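Novice: Pasting in a structure now, in structure tokens, and then I'll have a few things to ask.
Nothing in this text is a laboratory measurement; each read-out follows from the coordinates by a stated rule. Please read all numbers here as calculations on a predicted model, not as lab measurements. Note that each Cβ is placed from the backbone with ideal geometry, even for glycine, and that neighbours are counted across all protein chains shown.
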Amino acid sequence: MVLQPFFCKGRFKREVPMDFISKNLPYLLAGISVGGQYALIAIGYTMVYGILRLINFAHGDIFMVAALVMVYASASFPLYVTIPLVLVSTVLIGFIVERVAYKPLRDAPRMSIMISAIGVSYLLQNLALYITGGLAQIYPSIPLISNSVSIGPATTKVVTIVTPVLTVLLVILLMWLINHTKIGMAMRAVADDFETSRLMGIKINSVISMTFIIGSFLAAVGSLLYFTNYASVVPTSGAMPGLKAFVAAVFGGIGSIPGAMIGAFIIGICENIIKGLGWTTFSDAFTFALLIVILVVKPTGLFGERATDKV
Amino acid sequence: MSKKANGIISALLLLALFGLVLMLERTLPPTHIALTVLKKGCIYALVAVSMNLLNGFTGLFSLGQAGFMLIGAYTYGILTIPVADRASVYQYFDGGIVQFSVPVIVGLIAAGITAAFFAWLIGLPVLRLKSDYLAIATLGFAEIIRAFFQWDKLGRLTNGSNLLRKFPTFNSIAFPFLVTVVCIGIMVLIINSSYGRAFRAIRDDEIAAEAMGINLAKHKRMAFCISSFFAGVGGALLAMYQTSIQAATFRSSMTYEILLIVVIGGIGSVTGSCIAAFLFIASSEWWLRFLDTEMYIGSFKVPLLRTGFRKVVFSVIVMAVVLFARRGIMGDREFSVAGIYNFFKKKFGRKEAAK
Amino acid sequence: MSGNILRAENITMQFGGVMAVDNLSLEVNEGEIVALIGPNGAGKTTAFNCITGVYEPTNGCVYFCDELMLESYPHGKMKRIYQGSNAAKYTKRVTLSPDKITKLGIARTFQNIRLFSSMTVFENVLIAKHMRAKQNLLTAAFRLNYAEENRMRREAMELLEMQNMAHLKNEIAGSLPYGIQRRLEIARALATDPKLLLLDEPAAGMNPQETQELTDFIRQIRDDYHLTIFMIEHHMDLVMQISDRIYVLDFGKLITHGTPEAVQNDQRVIDAYLGVSEDA
């Protein structure tokens, strides 16, 4: 109940005491920051779902693999090599996963592809377990964004401020790409009607690959930002942020990129407010409760389009 | 081959198998890995069949199995810990609020009923969702349950994030086998009943099923509750096998493992799920174990072999099945004596005709 | 007793801004064969879906055997964007799910055959008996319902025999030839013991000979099972031969109805099918 003024911020602005802000600002900042990171993952989910109608269960693990690449690469290379390397190798992994595990099942029932996605997730986690030997890997600190900074009464890392800005910029760039380029147009066409666009001569496979490339790239960026706030990486590190990002995508209306971003910010903030209330146990559960409520009340999410089945 | 003969021979075969398992238990040292595999395998077989009932026979893609197992395990644990031991188990929560204990069988049934009750509750809203949304909602439900059972405020009931232990477990392998056989038997009876036909109709075509007068909501919820009931019993058995319960172990990866068993066995095949469960557990815990230890051939060290490699190889095999043998071991057929008889008869008959 | 078995009044179905069915009223009398015809996209199947509860109509009501079965009025968002007429006429919302409607005695087939394709022919028919069987999960699982189960099997088998499909009983439905699948779908609908049978393009994809056989078949089941038949069909031979009355739908609106002869000679019907030339 301490947080009540927060929810009625507009009306009671003047009455909010200073110490209240200093107490809760860190949670809000953390929420915005983690929300941005979820958003970067959520876009991958929402784009893949929009095109293939597939929940890419492996996406969260690709996010985790990006973090491991960072851990190992930074041990032997300087930062200006490591970061591009992380981005490129994550994109490559995303691309390969699609080609190997999803492409052969293009005409199979949807359940098969989803099972394949779960299989990939299982494989990536076990591979990570093997490579790390089951030990938590210390995530390297990235200069500049790992530094501390004070905002008003709160002290936080630079990454907290960088994340939302970078997220919004990337989303704007992506929206431009989708609305104003040829490949973007192809993506929209495929998302609209898979079969027809195939008949119209759109190279389905390259469009799908492009989707996975963009999704993995954003997940890699998200991973760089996300793990800066955490000390270490374990093979299951990707599962929870992955699922939450998926919830964000559903919340925003699956298939909608701005929707995924807004959904992710809302989830990030709510989750941290709940932590602030001292209900840490339920911060994960909250996300899923939200998911079930959305699915039941408004399955199309905030910005999703309604699809009717033809009988 | 008549139906009756088929039934009798199947029953005899099952009995022989049961005898073999008991004999193995007598002859092998009690810590032998084969016994572990058999125990764990039969528990996983039960849970896999319960998942198959839902995913394979009713066409509802649910990923909540770990959640229902957790509910079953906790219900069993909470109800059966002997009163005398409660003080030590619930040491941080003043001995807990439950101050009685029930016999094992009652505990198992209660485990199933509680899981089914939760399934009924969650089924009201969730079962209206379509395929993958249902999957993610049930997965989410399992996560919520997991958080809930670790909550301090419920500590007097669930012991918070501490272990539940000292509840009765089984010594002989006969117990989990018997429970599994009975449970799977009931599920097979349901699948072959009028209701099972209705479930399969829903799987094949929901709209047509509804036009045939099948109440979708009612039948879906029924399948969901039945599946959860047996998942709950399976969870209780798993708790007995592990001798302790901790909510944190019932992760979504457990559901994924069970799902992979179902897929490997063949979606829509009970016997397939059973066979796959034993194969899955045996290869992940036993047959591939050599991959985890370093090995030398002469002075040559075989590369890659070290802790964790087993699981990598294993997941590659699983992926291969998912990609290249999509129908799994059994497809949607069942392993049956009559089937084998007909198979050989056909082969034999053909040979004769060739002559 | 007005004698009609099905009476739809002012049925309107609006999807977003599209009027699929606009103020359709019709009656089907007991024992009749009535056809609903119209060019592609006229809203015929949508009308069927409204009657069988697959869609909730935006406005209007349906009576079955003189009892109110469905009623609706524009509500929610539709209140604002509703473009049809009679907006204030209906005030109740009575909805029934398709399974309840089937139980009342309306069976249907589908335009694109919807069989339980992995199940056998026999099981496909047997399913229809499930809804009226006196059983529950426990009695069914432990075969305490064996009397019911035997009755269901016997009735299903009798039906297959009457339809000359007994020899196919163990075939997988999905592997049957197209024509037989159509017949099986009708047999399956009959197994629900309907009073009214709705057929959605039963002759689609059939050659003239098969169509002729179907014509006889439909007449025969009407007589054998004392049915009333309401169907959507494109084959004019079939429609003109068999129907007692015909309703013609174009762009969601009823343009005319009457006996086959009257409809055949109606200029509006000819225009709807052939189009009106610009300079006419």
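Novice: At a Cα cut-off below 14 Å, give the aspartates and glutamates reachable from B:Lys218, other chains included and same-chain residues fewer than 8 away excluded.
Specialist: Hits, sequence-local ones excluded: B:Glu206, B:Glu210, C:Asp99.
Novice: Over the Cα atoms of the stretch A:24-297, what Rg and Dmax result, in angstrom?
Specialist: Calculated on Cα positions, Rg and Dmax stand at 18.2, 60 Å.
Novice: In terms of the Cα gyration tensor, with a ≥ b ≥ c the square roots of its eigenvalues, is the stretch A:78-200 rounded because a/c is under 1.5, prolate because a/b exceeds b/c, or oblate?
Specialist: Working: a/c = 2.60, a/b = 1.38, b/c = 1.88.
Here the stretch A:78-200 falls in the oblate category.
Novice: Take every DSSP beta bridge with both residues inside the protein assembly as shown and express the antiparallel ones as a percent of the total, to the nearest 5.
Specialist: Working: 35 of 51 bridges.
Just about 70 percent of them are antiparallel.
Novice: Among B:Lys4/C:Lys129; C:Lys77/C:Lys100; A:Lys298/C:Lys129; C:Lys134/C:Lys169, which pairs are too far apart, with a Cα-Cα distance over 31 Å? Could the numbers behind the result be given before it?
Specialist: On the way: B:Lys4/C:Lys129 26 Å; C:Lys77/C:Lys100 27 Å; A:Lys298/C:Lys129 36 Å; C:Lys134/C:Lys169 24 Å.
The pairs that break the limit, which is 31 Å between Cα atoms, are A:Lys298/C:Lys129.
Novice: Separate question: Find the all-direction average of the projected area of the Cα convex hull for the stretch B:239-355, expressing the result in square nanometres with one decimal place.
Specialist: Numbers: hull surface 49.9 nm².
Average projection, Cα convex hull of the stretch B:239-355: 12.5 nm².
Novice: Can you tell me which of B:Ser62, B:Ser193, B:Ser284 moves the most in a GNM of chain B? Springs connect C-alpha atoms under 10 Å apart.
Specialist: B:Ser193
Novice: Okay, next question. Would you list the membrane-span-like helices of chain B, meaning whole DSSP H runs whose alpha-carbon atoms span at least 24 Å along their axis and whose mean Kyte-Doolittle value is at least 0.0? Show your work: numbers first, answer last.
Specialist: Numbers: long enough: B:3-27 (36 Å, 1.28); B:33-52 (27 Å, 1.41); B:104-126 (33 Å, 2.27); B:131-149 (27 Å, 1.16); B:174-191 (25 Å, 2.86); B:216-242 (38 Å, 0.77); B:337-354 (25 Å, -0.37).
Result, helices passing both filters: B:3-27, B:33-52, B:104-126, B:131-149, B:174-191, B:216-242.
Novice: Can you spot the lysines whose alpha carbon is less than 20 Å from C:Lys253's alpha carbon? Ignore those fewer than 8 places along the same chain.
Specialist: Excluding near neighbours in sequence, the set is C:Lys44, C:Lys89.
Novice: Let me ask another. What does the C-alpha gyration tensor say about the overall shape of the stretch B:113-217? Classify as rounded when a/c is under 1.5, otherwise prolate if a/b is larger than b/c, or oblate.
Specialist: oblate
Novice: Moving to a separate point now. Quantify how strongly other chains surround peptide A:284-296 by giving the mean number of their Cβ atoms within 10 Å of each of its Cβ atoms. Please report the intermediate quantities before stating the final value.
Specialist: Working: counts 5, 10, 2, 3, 12, 5, 1, 8, 11, 1, 2, 10, 7.
Per-residue shielding by partner chains comes out at 6.
Novice: Something else now. Could you state the angle between the C-alpha long axis of helix A:18-52 and the longest principal axis of the C-alpha atoms of chain A, as a value from 0 to 90 degrees rounded to the nearest 10?
Specialist: For helix A:18-52, the angle is close to 0 degrees.
Novice: Inside 10 Å of the C-beta atoms of A:45-55, what's the mean count of C-beta atoms belonging to other chains? Numbers along the way, then the final one.
Specialist: Values: counts 0, 0, 0, 0, 1, 0, 0, 0, 2, 1, 6.
Average per residue, whole number: 1.
Novice: Across bins of 10 angstrom width beginning at 0, how are the C-alpha pair distances of the stretch B:148-271 distributed, in whole percent?
Specialist: Over the stretch B:148-271, the share of Cα pairs per 10 Å bin runs 11, 31, 32, 20, 7, 0 percent.
Novice: Then there is this: Using all C-alpha to C-alpha distances in chain B, build P(r) with 20 Å bins and read off the rounded percent in each one.
Specialist: Bins of 20 Å from zero give 27, 55, 17, 1, 0 percent of pairs.
Novice: Taking 7 Å along the Cα-to-C-beta vector as the label spot, tell me the A:Asp192-B:Ile186 distance in nanometres, rounded to one decimal.
Specialist: In this crude label model, A:Asp192 to B:Ile186 measures out at 5.4 nm.
Novice: Give the cross-link partners of A:Lys182 among the lysines, using a straight C-alpha distance below 22 Å as the criterion and excluding same-chain residues fewer than 8 apart.
Specialist: A:Lys203
Novice: Now for a different question. Over the whole of B:125-132, what's the average partner chain Cβ count within 10 Å per residue? Rounded to a whole number, please.
Specialist: On the way: counts 5, 3, 0, 3, 4, 4, 6, 9.
Per residue, the average neighbour count from other chains is 4.
Novice: If you don't mind, there's one more thing I want to ask. Quick one: Debye curve from the alpha-carbon atoms of chain C only, equal weights, vacuum; give me log10 I(q)/I(0) at q = 0.17 Å⁻¹ to two decimals.
Specialist: Results for chain C at q = 0.17 Å⁻¹ read -1.38.
Novice: If I build a Gaussian network model for chain A, linking alpha-carbon pairs within less than 10 angstrom, which residue out of A:Ala285, A:Ala39, A:Ala220 has the largest mean-square fluctuation?
Specialist: Checking each option, the largest mean-square fluctuation is seen for A:Ala285.
Novice: Can you tell me the Rg and the Dmax, both Å, for the Cα atoms in the protein assembly as shown?
Specialist: My reading of the Cα-based Rg and Dmax gives 31.2, 100 Å.
Novice: Based on other C-beta atoms within 10 Å, arrange C:Thr58, B:Thr307 from fewest to most. Write down the numbers at each step before the final one.
Specialist: Details: C:Thr58 25, B:Thr307 14.
Least crowded to most crowded, the residues run B:Thr307, C:Thr58.
Novice: For the pair A:Lys298/B:His32, report the inter-label distance in nm, with labels modelled 7 Å from Cα in the Cβ direction.
Specialist: 6.2
Novice: So which of B:Lys220/C:Lys92; B:Lys40/B:Lys311; B:Lys220/C:Lys79 end up more than 23 Å apart by C-alpha?
Specialist: B:Lys220/C:Lys92; B:Lys220/C:Lys79
Novice: Name the residue from B:Leu139, B:Ala174, B:Ile122 whose Cα lies farthest towards the positive end of the charge dipole of the stretch B:29-251, charges +1 on Cβ of Lys and Arg and -1 on Cβ of Asp and Glu.
Specialist: Sorting the options by dipole projection puts first B:Ala174.
Novice: Could you tell me the ratio Rg/Rh of the stretch C:115-193? Both radii from Cα atoms, Rh via Kirkwood. Please report the intermediate quantities before stating the final value.
Specialist: Numbers: Rg = 12.7 Å, Rh = 12.8 Å.
Looking at the stretch C:115-193, the ratio lands at 1.00.
Novice: So how strong a dipole does chain B carry about its Cα centre when Lys and Arg Cβ are +1 and Asp and Glu Cβ are -1, to the nearest 20 debye? Let's see the in-between values first.
Specialist: Values: 34 positive and 17 negative charges, 188 e Å.
Dipole about the Cα centre, nearest 20: 900 debye.
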